[in-house]
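Q: This structure is in structure tokens; I'll ask about it shortly.
The values are calculated or read from the model by the stated rules, or taken from the named source; none is laboratory data. Bear in mind the structure is a predicted one, so any value in this text is a computation, not a measurement. Cβ sites come from the backbone with ideal geometry, for glycine too, and all protein chains shown count toward neighbours. These area figures cover heavy atoms from the full protein model, side chains too; ligands, DNA and RNA do not enter into them. Shrake-Rupley method; radii C 1.70, N 1.55, O 1.52, S 1.80 Å.
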Amino acid sequence: MKNETLNSKGFTLIELVVAIVIGIIIMILVTNLLTRGFLSQLVGFSSFNAQADATATLNRVAKEIRQGPGILIANPQSITILEYINVTDTAPYKIRFYLSGQNMMRGSIAPTGVGPSYTYDSATETFKTIATSVTNGASAIFQYYDQNGTLLSSPIAVGNITLLKATLTFGDTSLHTAFTATTQIQLRFKKSNL
């Protein structure tokens, strides 16, 4: 009877410990692989969103600046223009694009008074966030050029601007998915090739 218990089939304690250790190592490897896959997917989606946001925002800003009848104030971090928002408007609105933290903002002031001396009360300005996660920081958003393609330096004489370049950087810097987009905007009211 003693021989039967010694020869019985089963696992020893050492075999069980080795099997558990091998199982734990396999689970760690699988978890690491899954984590990397999910992180890669997150980075891909974040990068795609940054590109889509950059394109949509620059298209909107470019369209409004291009169609406006004039630039009032031109700075590297902001631009203030006049724009007819509706076809029936008798006077243009004062529109301002600027960066507030990591938000690209659009301010709008309706004209008051009687033309041609309309006034714009800054207390009535309405604000709209048109993009988030803009990471330009202190880098210039707008660069201004004259009719010869020469970059204008501060202080910028708005009467000399015929072309401007807008550059926005979007994304999550912690995921290293920043995306920079640039567009050039030819001012329609300054075109000389018509």
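Q: Take the residues in the stretch 95-147 that are polar (S, T, N, Q) and in a loop (DSSP other than H, G, I, E, B); name whichever of them is surrounded by the most Cβ atoms within 10 Å (Cβ to Cβ).
A: Once the filter is applied, the top-ranked residue is 133.
Q: Take the residues in the stretch 72-94 that are among the polar types (S, T, N, Q) and over 20 Å from residue 155 (Cα atoms); name whichever of them is surrounded by the most Cβ atoms within 10 Å (Cβ to Cβ).
A: 90
Q: Kindly provide the set of residues from the stretch 42-76 that are part of a helix (DSSP H, G or I) and in contact with a helix residue (DSSP H, G or I) (Cβ under 6 Å, 6 or more places away or on another chain), ordered by number.
A: The answer is 66, and nothing else.
Q: Does the stretch 44-96 hold any residues that are of a type in the set (Ser, Thr, Tyr) and within 19 Å of the chain's Cα centre (by Cα), and which are they?
A: Answer for the stretch 44-96, where residues must be of a type in the set (Ser, Thr, Tyr) and within 19 Å of the chain's Cα centre (by Cα): 46, 47, 55, 57, 78.
Q: Please find, among 167, 182, the residue that is surrounded by 14 or more Cβ atoms within 10 Å (Cβ to Cβ), in a strand (DSSP E or B) and out of contact with any Asp or Glu (no Cβ under 6 Å at 6 or more places or on another chain).
A: Residue meeting the stated conditions: 167.
Q: With the requirement that a residue be open to solvent by 100 Å² or more (accessible area, probe 1.4 Å) and either at pLDDT 80 or above or in contact with a His (Cβ under 6 Å, 6 or more places away or on another chain) (or both), what does the stretch 1-33 give you?
A: Across the stretch 1-33, the qualifying residues are 11, 13, 14, 20, 27, 28, 29, 33.
Q: Looking for whichever is under 20 Å from residue 46 (Cβ atoms) and modelled with pLDDT of 90 or more here; the options are 130, 141, 185, 161. Which one fits?
A: After applying the criteria, what remains is 130.
Q: Going through 124, 132 one at a time, which residue ends up being β-branched (Val, Ile, Thr), touching a residue at least 12 places away in the same chain (Cβ under 8 Å) and more than 30 Å from residue 178 (Cα to Cα)?
A: Matching residue, one of 124, 132: 124.
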